[in-house]
Ligand SMILES: N[C@@H](CCC(=O)N[C@@H](CS)C(=O)NCC(=O)O)C(=O)O
């Protein structure tokens, strides 16, 4: 788990849980939801991705790839949303968001790993592809390439800038993977109430923000009735209201 006790006096002095996040980031949403589910008090450190606040030298001291989310907990840095979820679970075990059985815990880990592996090639490709959205300009890309060590992200942002945007075959492949994943969620929900067990776990928290993003672009969730019921149950929880809905219209000062 990438935790870094920092030598920077300003970071070392940070007390409690400080969340570096952006309103619309699905990766940040999952951390805000987990914090609310666990009732952990936290301090908001807002990183405005629209103005590339994530690319400052100051922020690179916290996240080595200049991405959100990251947390600083009593001077210790943790980044990568799935690892932050695991870290919070370890430090704040109650209420538990881990399933009881070993087999369920293994499956929960699989869903957590998938959030990391599929974030760019499936979720981002599908969402940016549908919207033909460009979060960088050719000019801002120059600064980004110099700072960003993550080649997958550089290639992704470059792809959105090319003529014709993201190639249709990549969007189709992302669409196929998403249907595969939601068909699996649908099948799992036929066996238990939540994605991996009868209690809500980190797997549900990790995946509900993907629904939020895909739903903006009309992913056909109506093909998955049990998933729709899961969505309804989750989105009516106070943690979703506080961790997701209330941030939709956030305007940084
Ligand atoms: N796998 C990482 C992905 C983090 C990530 O890509 N965050 C996006 C927002 S969802 C970001 O900070 N993008 C800024 C950029 O690409 O410059 C995680 O789950 O924490």
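The values are calculated or read from the model by the stated rules, or taken from the named source; none is laboratory data. Bear in mind the structure is a predicted one, so any value in this text is a computation, not a measurement. Reconstructed Cβ throughout: ideal geometry from the backbone, glycine too, with neighbour counts over all protein chains shown.
Values computed for the structure shown
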quantity	calculated
Residues satisfying the stated conditions in segment 15-59, i.e. in a loop (DSSP other than H, G, I, E, B) and either within 12 Å of the ligand (Cβ to nearest atom) or closer than 29 Å to residue 136 by Cβ (or both)	22, 23, 24, 25, 47, 48, 52, 56
Number of the condition not met by residue 183 [criteria: (1) within 21 Å of residue 221 (Cβ to Cβ); (2) away from the ligand (no atom under 16 Å from the Cβ); (3) surrounded by 14 or more Cβ atoms within 10 Å (Cβ to Cβ)]	(3)
Near pairs, Cβ below 7 angstrom, 6+ apart or cross-chain, from segment 162-176 (crowded, with 16+ Cβ neighbours inside 10 Å) to any residue that is assigned to a loop (DSSP other than H, G, I, E, B)	165/132
Residues located in segment 60-76, provided they are within 18 Å of residue 147 (Cβ to Cβ) and not in a loop (DSSP other than H, G, I, E, B)	60, 70
Subset of segment 60-75 (residues that are within 10 Å of the ligand (Cβ to nearest atom) and out of contact with any strand residue (DSSP E or B) (no Cβ under 6 Å at 6 or more places or on another chain))	65, 66, 67
Which numbered condition residue 7 fails, given (1) modelled with pLDDT under 95; (2) within 18 Å of residue 206 (Cβ to Cβ)	(2)
Residue satisfying condition, being more than 15 Å from the chain's Cα centre (by Cα), modelled with pLDDT under 95 and surrounded by fewer than 19 Cβ atoms within 10 Å (Cβ to Cβ), within set 93, 41, 64	64
Residues of segment 1-38 classified as touching a residue at least 40 places away in the same chain (Cβ under 8 Å) and over 14 Å from the mean Cα position of the chain (by Cα), total	18
Residue ranges of helices (runs of 4 or more DSSP H) in segment 112-167 with at least 1 members near the ligand (Cβ under 9 Å from one of its atoms) and in the same structural domain as residue 181 (by TED's automatic domain parsing)	138-147, 151-161
